[in-house]
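All remarks here apply to the structure that follows.
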Amino acid sequence: MARKKIALVGAGQIGGTMAFLAAIKELGDVVLVDIPSKEGVAKGKALDIKESTPILGTDIDLTGTSDYRDIEGADVVIVTAGLPRKPGMSREDLLEVNTKIMLNVSYNIAKYAPDAFVIVISNPLDAMVWLMKYMTGFPKNKVIGQAGILDTSRFKAFVAMELGVSVREVQALVLGSHGDDMVAVLSQSTVAGVPIKKLIPPDRLQAIVERTQKGGGEIVKLLGTGSAFYAPAAAAIEMAEAYLKDEKRVLSCHAYLEGEYGVNGYFVGVPVKIGANGIEEIIEAEMDEEERKGFEKSANHIKEVVEELKELLKKLASADSLPEGLTEEVWEALKKKVNG
Ligand code: APR
């Protein structure tokens, strides 16, 4: 059986960590793609990881490149291209700059890897994953956003730390947007089968929820340069693995909703089943009334960000001359999309 091929667009902190995880797990051959000025970084990380494989005892090949032709035939493409946050920035502050990057990236994925399962990580995720689907025109089972696994994992880690139990005993679900109004579904969260609300007093639980909601910001502040990368990388690799191995995992991910949860035409974090056909099912999670209201608020926020994105796309499409940061062909593709 031929090896699987995983293309990682963006060879930065998350990209490099995912490549290493793919090597440890022997998931398939890896192609790290970055811009021409960072081609050395992509090649260097690829070679460094290849040199670790005799120690790891795994057989995969890794390539670093700035040429999108190298992603041809990829089974999975994971996108982290874009700028990360600096202290004090919200994810939405990245909208304009990362939109231009994502326009270029999505154009090339559509051109060179039309059959891939595409996982978007770049922020603001709520908008970037929508843009990926809009520009590639890929079906909704093949475009997915990574956020909920990370947010759920942060919540589980804090609960385990609070109770002094193994993280493996914590079952939880964080849904909605990848922003401060994400929803921790406490009514469905348990530790070894016991409802979490019975184990942790309300004020402590509230503090854990808030820490989860601001979990990305906490790391940004601590690191000083850049944002979290180990946990985001682990989350995206879990999604890629579920797809490549047809695992039928049920994971919290950003999926394109068409009526489910009362949402139409946006990507929102919900539990989805991932297997060889990508998103095989969208699962309706149980929520109490307060959680449902929180979810609606979160979904409305996503809608606002995507509307802002649509305005930005119109502005770029109707510019008098080629907007800075776009290539002629990408601009043409955008104009075609926006003007029908
Ligand atoms: N094509 C390919 N790679 C690109 C492009 C492009 N058009 N534009 C930028 N990149 C690359 C950058 O050169 C950089 O190497 O994307 C990489 C991003 O890496 P980092 O700056 O290290 O950021 P990282 O921590 O990996 O986060 C990436 O994920 O979580 C989000 O907010 C985060 O949007 C950010 C993204």
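Checked against (1) more than 25 Å from LYS140 (Cβ to Cβ); (2) open to solvent by less than 80 Å² (accessible area, probe 1.4 Å), ALA236 meets all criteria but (1). Exactly one residue out of ALA299, ALA317, ALA333 is closer than 25 Å to VAL76 by Cα and outside the structural domain of ASP246 (by TED's automatic domain parsing): that is ALA333.
Are any of the residues in segment 92-112 of a type in the set (D, E, K, R), open to solvent by 10 Å² or more (accessible area, probe 1.4 Å), more than 6 Å from the ligand (Cβ to nearest atom) and closer than 19 Å to ALA235 by Cβ? Full working, then the answer.
Applying the first criterion (of a type in the set (D, E, K, R)) to segment 92-112 yields 92-93, 96, 100, 111.
Filter once more, keeping what is open to solvent by 10 Å² or more (accessible area, probe 1.4 Å): 92-93, 96, 100, 111.
Filter again for more than 6 Å from the ligand (Cβ to nearest atom), leaving 92-93, 96, 100, 111.
Then keep just the ones that are closer than 19 Å to ALA235 by Cβ; that gives none.
Looking through segment 92-112, none of the residues is of a type in the set (D, E, K, R), open to solvent by 10 Å² or more (accessible area, probe 1.4 Å), more than 6 Å from the ligand (Cβ to nearest atom) and closer than 19 Å to ALA235 by Cβ.
Put simply, of GLY57, GLY40 the only residue that is more than 20 Å from ALA231 (Cα to Cα), within 13 Å of the ligand (Cβ to nearest atom), out of contact with any helix residue (DSSP H, G or I) (no Cβ under 8 Å at 6 or more places or on another chain) and open to solvent by 40 Å² or more (accessible area, probe 1.4 Å) is GLY40. Summed over segment 65-76, the residues that are away from the ligand (no atom under 11 Å from the Cβ) and open to solvent by less than 30 Å² (accessible area, probe 1.4 Å) give a count of 2. For segment 1-37, a residue qualifies if it is within 12 Å of the ligand (Cβ to nearest atom) and part of a helix (DSSP H, G or I), and the qualifying residues are GLN13, ILE14, GLY15, GLY16, THR17, MET18, ALA19, PRO36, SER37.
Only residues that are free of Cβ contacts under 8 Å to residues at least 60 places away in the same chain, outside any loop (DSSP other than H, G, I, E, B), more than 12 Å from the ligand (Cβ to nearest atom) and of a type outside the set (S, T, N, Q) were counted in segment 113-136, giving 2.
Counting just the residues of segment 137-149 that are within 15 Å of the ligand (Cβ to nearest atom) and either polar (S, T, N, Q) or over 24 Å from GLY73 (Cβ atoms) (or both), which one comes out nearest to the chain's Cα centre (by Cα)?
As a first pass, look at segment 137-149 and keep what is within 15 Å of the ligand (Cβ to nearest atom): 144-149.
Still in the list and also either polar (S, T, N, Q) or over 24 Å from GLY73 (Cβ atoms) (or both): 146-149.
Numbers: GLN146: 2, ALA147: 5, GLY148: 8, ILE149: 9 Å.
Going through the qualifying residues, I end up with GLN146.
Residues that are closer than 23 Å to HIS254 by Cα and open to solvent by 10 Å² or more (accessible area, probe 1.4 Å) number at least 3 in the following helices (runs of 4 or more DSSP H) confined to segment 147-219: 148-163, 202-213. Close contacts from segment 46-72, counting a first residue that is touching a residue at least 24 places away in the same chain (Cβ under 8 Å) and hydrophobic (A, V, I, L, M, F, W, C) and a second that is open to solvent by 30 Å² or more (accessible area, probe 1.4 Å) and in a loop (DSSP other than H, G, I, E, B), with Cβ to Cβ under 8 Å and a gap of 6+ residues or different chains, come to ILE60/ARG3; ILE60/GLU26.
The values are calculated or read from the model by the stated rules, or taken from the named source; none is laboratory data. Values in this document were obtained by computation on a predicted structure and should not be read as measured data. Note that we place each Cβ from the backbone using ideal geometry, even for glycine, and neighbour counts take in every protein chain shown. Protein only, heavy atoms only, side chains kept; ligands, DNA and RNA dropped before computing areas. Shrake-Rupley method; radii C 1.70, N 1.55, O 1.52, S 1.80 Å.
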